[in-house]
Amino acid sequence: MATRLFFGAVLCLLWAGPMDAEITQNPRYKVTGTGKRVTLKCDQTENYDYMYWYRQDPGHGLKLIYYSNGFDSINRGDVPDGYTVSRKNMENFPLVLESATSSQTSVYFCANSYSTVTHSCLLSAHKEWLEALSYPELARPGPDPSIQCCRPSLGQSHPDGKSP
């Protein structure tokens, strides 16, 4: 009987240790019961403006949950229901499942990026890419697809000194 009452939701997480962007996601794996509150942490050291949370269900492409383009700036993605996020500083962007459900069993990814593209360009690039991954029947034969975005020339440079 106790086995029937307990349903374990497994959350698999991509761990990204210190790399160029120095972003860390933890915990690496999380198993929880339905109805439990779960917090997934995403921390960065580079103070990049953009931070993202994605989920990937088995056999499907990435789905954007939420993203932030700076301190206290939160934007809903394609699947925000059942999740909350906060961005109280530039370093942290935690994802919270207030009451975990079996439909939230997934692989979760956090990411960050320097704001080198305009907001609308970034979203359209993500949306087209995600649709192509989610609906492979829409793919046409030919060369591998690529996504290119460019930012307006504002005289800004990348924080590591690279040319944009």
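The values are calculated or read from the model by the stated rules, or taken from the named source; none is laboratory data. As the structure is a computational prediction, the values presented were derived from the model and not from experiment. Ideal geometry is used to build each Cβ from the backbone, glycine not excepted, and the neighbour counts take in all protein chains shown.
Cβ-Cβ below 6 Å, separation at least six or inter-chain, first residue in segment 84-103 and more than 17 Å from F71 (Cβ to Cβ), second part of a helix (DSSP H, G or I): which pairs?
L97/Q104
Among (1) over 10 Å from the mean Cα position of the chain (by Cα); (2) over 15 Å from I23 (Cβ atoms); (3) crowded, with 17+ Cβ neighbours inside 10 Å; (4) not hydroxyl-bearing (S, T, Y), where does G77 come up short?
(1)
Considering each residue of segment 31-48, count those that are without any contact (Cβ under 8 Å) to a residue 60 or more places away in the chain and under 12 Å from Q104 (Cα atoms), and give that number.
1
If I ask for residues that are part of a loop (DSSP other than H, G, I, E, B) and either closer than 10 Å to F93 by Cβ or touching a strand residue (DSSP E or B) at 6+ places or on another chain (Cβ under 9 Å) (or both), which ones from segment 48-59 would you list?
Result: Y48, D49, D57, P58.
Kindly list the number of the only condition in (1) surrounded by 15 or more Cβ atoms within 10 Å (Cβ to Cβ); (2) free of Cβ contacts under 8 Å to residues at least 60 places away in the same chain that fails for M51.
Every listed condition holds for M51 apart from (2).
State which residue is farthest from Y114 (Cα to Cα) when the search covers only segment 25-45 and only residues that are surrounded by fewer than 16 Cβ atoms within 10 Å (Cβ to Cβ) and touching an Asp or Glu at 6+ places or on another chain (Cβ under 7 Å).
Result: R37.
Within segment 34-47, can you find the residues that are hydroxyl-bearing (S, T, Y) and either part of a loop (DSSP other than H, G, I, E, B) or over 18 Å from T24 (Cα atoms) (or both)?
Correct list: T34, T45.
For segment 57-74, give me each residue that is farther than 23 Å from T34 by Cβ and surrounded by 15 or more Cβ atoms within 10 Å (Cβ to Cβ).
Selection gives G61, L62, L64, Y67, S68, N69, I74.
Would you point out which residue out of L154, L123 is more than 22 Å from L40 (Cβ to Cβ), surrounded by fewer than 17 Cβ atoms within 10 Å (Cβ to Cβ), at pLDDT below 95 and under 14 Å from the mean Cα position of the chain (by Cα)? Write out each step before concluding.
On the way: L154 fails: under 14 Å from the mean Cα position of the chain (by Cα).
None of the other options fit; the residue is L123.
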